[in-house]
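Here the structure comes first, spelled out in C-alpha cells, and everything after it is commentary.
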Amino acid sequence: MMDLWQCQREMMELYQTSSNKLNSYITDHLLPNEVFRKNVQDAVDRICSFLKEKCSMNARVIKTVKGGSAGKGTTLYENSDVDLVIFLDCFDSYAEQAQTRDSVIKIIEQNLEHCRRSLAFQVDISPPRSKGELRRSLSLTIQSKKKNEAVEVDVLPAFDVLGQITDTYKPHPKVYIDLIHAGGKPGEFNTSFTELQRNFIKRCPAKCKDLLRLVKHWYKMYKKCLRETYQSSVPLPSKFALELLTIYAWEEGTGKAEQFNTAEGFYTVMMLLVQYQHLCIYWTEYYSLEVPTVGEYVKKQLRGTRPVIMDPADPTGNVARGKGWNLLAEEALKCLSMPCCMKGGEPVGSWLVQVMLTHVELLLIPILKTHTFGSFFI
C-alpha cells in the first residue's frame, strides 16, 4: 500500500503543477544528469566490448546500435531503457534470423555465464519473460564493480538488411518488399530497422524531446499505479505508440516548430488519447505507398480496427495494436481537468490535428501527396 500511495502522490505532483510551470517540472524532475548518462554509456560500451572481443560464437558482429530512450535522446532521470541491437553476419535473411535468433541468444548467455568472474563488470541475466517461447532478446543488468548504479540492457540479435546508413538514408523498396514477403508476425523483424526508428525520433528538436519525456513520465507513473493497485501487470499500449502519437501531434500541430507551448502540446496528446478510437496515422519517410506491394499492405492496415499508428520504419507494424487504450483514455480525461492542463480556470487549448482517414481518402492513397490525411479534428 505504501508503494501505491507513493506513485499516486507522484502522479498528483504532476497533475497539480501549473500549466505555465511544466517546463520547470521537466527540468527539475525528468532530465537525466551527466553522471547517469555516462553510466548508461559505460554499460553499453562494456557489453559491446564483450560481444566483439570475448564472446565465442560462429558469427561476427557487423555493428551495434543503441536503441531505446538512450539511443533516441529521450532518457528520463535515473530511468533508461537501453536496447542494444547487435547485427550479426550469421543472419542472411529475415527467415534465418527467425530460425536461429534464439540459439544465438543462448550462446551469448552461456558465454556470459562462463566469463562472469573474469569480467570487469557485474552482470545479472534475467530469466525469459515467457517460458517455451523463442526469445527475441537477452535481458541483462550491468553494473561496474567500482560503481553502485546498475543499468538494464536488452541485447537483441538482428539481420543487417540496411547496411551503413546516413541521416538522409531511405531504404531501397526491395528491402520492404522482401520484409512483407517474409510473412512474419506484424513487427517481428523491426529490430532490423532500429536505426531508422531511432533517427526518426532523434531528429526532433530539444523541446519536442522534452514533451516526449513528459508524456512517457505520465505513462510510466500511471502504469506503475495500475500495477500497485491490482498487484499484477495490466496490459497497456506500447510506450513507442505514445512516442509516435506525440511526434505526430507536434508535426501536425506546430508544423515541426522548434519552440511551442508545452502545456498545449501535452493537452493535445491527452485529447488524442481520449479519442483513440479515431486514430489512423502513418508516415512515408522511409517507405513509399506508391510501391504496389508496400502500398497494398499498408492500406490494408489502415482499413483495420482503430487505433492505427504505423511504425514509420516498418510497414508491417501497427504499434497501436494491443489492449488498454480505454484505460489510458480514462486517465487522460482525468488529466485534462487538472491544473497542468488548465489556465485561468479554462483548458489551455489544443493544437489543430487531423487524426482520422475517411473511406474516400483511403481509396485515394497514394494520389494524395501529404503523408497523413484526415477529416476529424480536435
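The values are calculated or read from the model by the stated rules, or taken from the named source; none is laboratory data. What you see is a predicted model, and the numbers here were worked out from it, not measured in a lab. Glycine also receives a Cβ, built like all others from the backbone with ideal geometry; neighbour counts cover every protein chain displayed.
Does Tyr287 qualify as being buried (at least 23 other Cβ atoms within 10 Å of the Cβ), part of a helix (DSSP H, G or I) and either at positive phi or not hydrophobic (A, V, I, L, M, F, W, C) (or both)? Taking the combined requirement at face value, the residue does not satisfy it. Residues that are surrounded by fewer than 19 Cβ atoms within 10 Å (Cβ to Cβ) and either out of contact with any helix residue (DSSP H, G or I) (no Cβ under 8 Å at 6 or more places or on another chain) or among the aromatic types (Phe, Trp, Tyr) (or both) within the range 151-181 comprise Glu152, Gly163, Gln164, Thr166, Thr168, Tyr169, Lys170, His172, Lys174, Val175, listed in sequence order. Here Tyr77 meets the list (1) surrounded by fewer than 17 Cβ atoms within 10 Å (Cβ to Cβ); (2) within 21 Å of the chain's Cα centre (by Cα); (3) under 16 Å from Asp154 (Cα atoms) almost entirely, failing just condition (3). Please indicate, with yes or no, whether at least one residue in the range 44-56 is closer than 18 Å to Leu212 by Cβ, part of a helix (DSSP H, G or I) and either in the same structural domain as Glu149 (by TED's automatic domain parsing) or among the hydroxyl-bearing types (Ser, Thr, Tyr) (or both). No, the range 44-56 has no match at all. Pairs are defined by a Cβ separation below 6 Å, a sequence spacing of at least 6 or placement on different chains, a first member in the range 154-176 that is over 30 Å from Thr141 (Cβ atoms) and in contact (Cβ under 8 Å) with a residue 24 or more places away in the chain, and a second member that is hydrophobic (A, V, I, L, M, F, W, C) and assigned to a loop (DSSP other than H, G, I, E, B); the pairs so defined are Pro173/Val291. Checked against the criterion of being in a loop (DSSP other than H, G, I, E, B) and basic (Lys, Arg), the range 214-231 has no qualifying residue. Residues that are farther than 30 Å from Leu212 by Cβ, polar (S, T, N, Q) and without any contact (Cβ under 8 Å) to a residue 40 or more places away in the chain do occur in the range 113-131. Which residue is nearest to Leu244 (Cα to Cα), if the candidates are limited to the range 301-324 and must be of a type in the set (A, V, I, L, M) and surrounded by fewer than 22 Cβ atoms within 10 Å (Cβ to Cβ)? Restricting to residues being of a type in the set (A, V, I, L, M) and surrounded by fewer than 22 Cβ atoms within 10 Å (Cβ to Cβ), the top hit is Val308.
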